[in-house]
1. Within the range A:183-207, track down each residue that is in contact (Cβ under 8 Å) with a residue 12 or more places away in the chain and not hydrophobic (A, V, I, L, M, F, W, C).
2. Filtering the range B:177-208 down to residues that are of a type in the set (V, I, T) and more than 8 Å from chain A (Cβ to nearest Cβ), which residue is farthest from B:Y91 (Cα to Cα)?
3. Which residue pairs have Cβ atoms closer than 8 Å, lie 6 or more positions apart in sequence or on different chains, and pair a first residue in the range B:179-208 that is in a helix (DSSP H, G or I) with a second residue that is at pLDDT below 90 and charged (D, E, K, R)?
4. Any idea which residue in the range A:99-148 is surrounded by the most Cβ atoms within 10 Å (Cβ to Cβ), counting only those that are of a type in the set (V, I, T) and touching a residue at least 12 places away in the same chain (Cβ under 8 Å)?
5. Would you confirm whether or not the range A:148-163 contains a residue that is part of a helix (DSSP H, G or I) and not hydrophobic (A, V, I, L, M, F, W, C)?
6. Counting just the residues of the range B:86-106 that are of a type outside the set (D, E, K, R) and over 13 Å from B:L189 (Cβ atoms), which one comes out surrounded by the fewest Cβ atoms within 10 Å (Cβ to Cβ)?
Amino acid sequence: MLRPRLLAPVFGLALVLAGCATVPPETDPEARAEYFERNDPLEPLNRAVFAFNEAFDHLLFRPAAEAYRILIPRPVRTGIGNVLDNLLVPRTTVNQLLQGRPNEAANSAARFIINSTLGVFGIFDVASELGLEPRFEDFGQTLAVWAGTSNGGPYLVLPILGPSTLRDTFALPFDVALDPWTWIGQGDQVQGLRMGRRLTQAMDAREQFIEAGDALRAQSLDVYAALRSVYLQRRERDIRDEDRPQVRRFFDAR
Amino acid sequence: MRVYRRGLLAGLAGVLLFAPPAHANTPDAAAAFVESRGAALKQVLDSDAPLAEKRDRVAEILREAVDVRGVAQFVLGRHWRTANEAEREEYLRLFEATLIRNLSARFGVLRGLKFSVSRAQVRGEEGVLVTTIVEQQGQAPVQLDWLVSFASGRPLIVDLVAEGTSLRITQRSEYGAVIQRGGGRIGALLDAMRQQLSTLEQRELAQN
């Protein structure tokens, strides 16, 4: 079982050594334009990492997310999700400040205070009821705002973490550093909590993506290309803050 | 500027004789269009008619409400121009069939959907973006935005945007990748579409 997984990165490395995707010649301007629009010069390597990620998802990640859905009742999952979202708010606040949006940062700070107290450690999203809608900002978005473009450079597929760009990959360590929870507390228990938070975050995100992911895989003629397009479009929307604030529900509305 | 360039005479004649009623391409008209087509679709999806009849009626609604040819051309992009007549015809046939089977293979799941139009905004020359919220039993509501174009004189859907992801842009990138990986041949795409269609046909039989 381990061998194909070990082979994937080795295979990928070989592909990189064999060269990146070739740029179409000057004589075919339309193909060239498409090549630069796609912005995926490392496509052969990315596809290899993607194949590895798909295997990982199929064998481990999706089944775990399904188990999470089956074992933990919906209202509990919603509460957990709200706590996780609330823990992300300080990082959002910092990024909103870095993006020069003090009013939004103040809203986020208010959200965090309200949900952490009235909302009992973030379990209940009281702030949304009061009209303070959830927003999410990360350092990748901040870099895009600073650069004045949503073009994040070459598309990258990271092992386990999945779709990214050069900009968003560069931003990852900053997001860890900008998250206050990285700096609060020490010792094994705090380390355990941090790890637990990260794992639950992954389960929560994957659980919500079960249906959409299945549909995408069933419909696509090329899942890799479809996911690349979806990721880039979503990031663009996030950067422009055109995303719809999503409030989690404890029960179905009907 | 553009109106000015068209010339005064043509402009006057156009305004006086051929201009459509002022309300014909407003956000309200687009919203009403999406509302009525959605209701028609929902009626078929919720009905107990036999599978083939349901599929035919869905096909009829789609052909009338969606600019299938325009979307298909957009999705094929630059390859549309290099395709020969036979390839174009086969591509259009497969594109429409896939669109319809993608729905008919999911008739079971699509039963009992609830949808509501929430707003409509003008998107420049592209048309009007009509926002709907679709609710499925046991799942979080999904926002679907329908881009309605009036370019042909009557309202036609030209794109579907699901939670910020444009279907036609995603599909173009996908189809482009299939052609590119097939050595630049449109035949490679047609083969893949044929295979997908037969998979959908099998799923339709299994699920209904």
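1. So in the range A:183-207, the residues in contact (Cβ under 8 Å) with a residue 12 or more places away in the chain come out as A:194, A:197, A:200-204, A:206-207.
Matches in the range A:183-207: A:R194, A:R197, A:T200, A:Q201, A:D204, A:R206, A:E207.
2. Start the filter on the range B:177-208 by keeping residues that are of a type in the set (V, I, T), which leaves B:178-179, B:186, B:199.
Now drop any that are not more than 8 Å from chain A (Cβ to nearest Cβ), which leaves B:179, B:186, B:199.
On the way: B:I179: 13, B:I186: 9, B:T199: 17 Å.
This residue is B:T199.
3. Pairs found: B:Q207/B:R106.
4. Step one: of the range A:99-148, the residues of a type in the set (V, I, T) are A:113-114, A:117, A:120, A:123, A:126, A:142, A:145.
Right, trim to touching a residue at least 12 places away in the same chain (Cβ under 8 Å) and you get A:114, A:123, A:126, A:142, A:145.
Values: A:I114: 20, A:I123: 18, A:V126: 18, A:T142: 22, A:V145: 19.
Result: A:T142.
5. We begin by selecting, within the range A:148-163, every residue part of a helix (DSSP H, G or I); these are none.
No, there is no match, as no residue in the range A:148-163 is part of a helix (DSSP H, G or I) and not hydrophobic (A, V, I, L, M, F, W, C).
6. Within the range B:86-106, the first condition is being of a type outside the set (D, E, K, R), and the residues that meet it are B:86, B:91-92, B:94-95, B:97-100, B:102-105.
Pick out the ones that are also over 13 Å from B:L189 (Cβ atoms) and you get B:86, B:97, B:99-100, B:102-105.
Numbers: B:A86: 8, B:A97: 17, B:L99: 17, B:I100: 21, B:N102: 17, B:L103: 20, B:S104: 22, B:A105: 23.
Looking at residues that are of a type outside the set (D, E, K, R) and over 13 Å from B:L189 (Cβ atoms), I get B:A86.
For every residue, the table says whether it meets (1) closer than 17 Å to B:D145 by Cα; (2) among the aromatic types (F, W, Y).
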{"residue": "A:A212", "(1), (2)": "yes, no"}
{"residue": "A:L216", "(1), (2)": "no, no"}
{"residue": "A:Y224", "(1), (2)": "no, yes"}
{"residue": "A:L227", "(1), (2)": "no, no"}
{"residue": "A:Q233", "(1), (2)": "yes, no"}
{"residue": "A:I239", "(1), (2)": "no, no"}
{"residue": "A:E242", "(1), (2)": "yes, no"}
{"residue": "A:R249", "(1), (2)": "no, no"}
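So that you can scan it fast, the table gives a plain yes or no per residue for (1) part of a helix (DSSP H, G or I); (2) among the basic types (K, R); (3) surrounded by 12 or more Cβ atoms within 10 Å (Cβ to Cβ):
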position	(1), (2), (3)
A:R167	yes, yes, yes
A:L172	yes, no, yes
A:D175	yes, no, yes
A:V190	yes, no, yes
A:M195	yes, no, no
A:R198	yes, yes, no
A:M203	yes, no, yes
A:A212	yes, no, yes
A:A218	yes, no, yes
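The values are calculated or read from the model by the stated rules, or taken from the named source; none is laboratory data. Computed from a predicted model, the values in this text were never measured in an experiment. Every residue, glycine among them, receives a Cβ derived from its backbone with ideal geometry; neighbour counts consider all protein chains shown.
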